[in-house]
Amino acid sequence: MVWSRAGALDRSEWETLMKIPTVRAGAHIEGVHWIAEYAEDVHEIRIFREGQEIDVHDAPSSLFGDEENAGSKSTADHRAVEAAVLAYLRRFVAEHDAEE
């Protein structure tokens, strides 16, 4: 049995959770370490600031275009997804800092 924010998970639920492919992109922006993680299976982007999760967003449907459903991914496809996640992170940080 494993505990998560949602409560106890059995082994199969934990294994399913751990198999969600993610793309991580990070940047130091004005001395702060930011990370964005894109989980393909749930189409969400999690935002971390200095290692602490601060927000979760549904990934915009336009973020990756039709390439996401075009078949197996190449290295170039992976880099394109990583670049899109990093661009999303930078836009989030710019908007987040403007609010503060």
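The values are calculated or read from the model by the stated rules, or taken from the named source; none is laboratory data. Source: prediction; values computed, not measured. Reconstructed Cβ throughout: ideal geometry from the backbone, glycine too, with neighbour counts over all protein chains shown.
Residues in segment 4-36 that are outside any loop (DSSP other than H, G, I, E, B) and among the small types (G, A, S) were compared, and the one that is modelled with the lowest pLDDT is S4. Listed by first and then second residue, the pairs linking a residue in segment 49-62 that is more than 11 Å from F92 (Cα to Cα) to a residue that is assigned to a loop (DSSP other than H, G, I, E, B), with Cβ atoms under 7 Å apart and 6 or more places separating them unless they lie on different chains, are D58/H43; A59/H43. Tell me, which residue of segment 37-86 that is assigned to a strand (DSSP E or B) and surrounded by fewer than 11 Cβ atoms within 10 Å (Cβ to Cβ) is modelled with the highest pLDDT? Checking each candidate, the answer is Q52.
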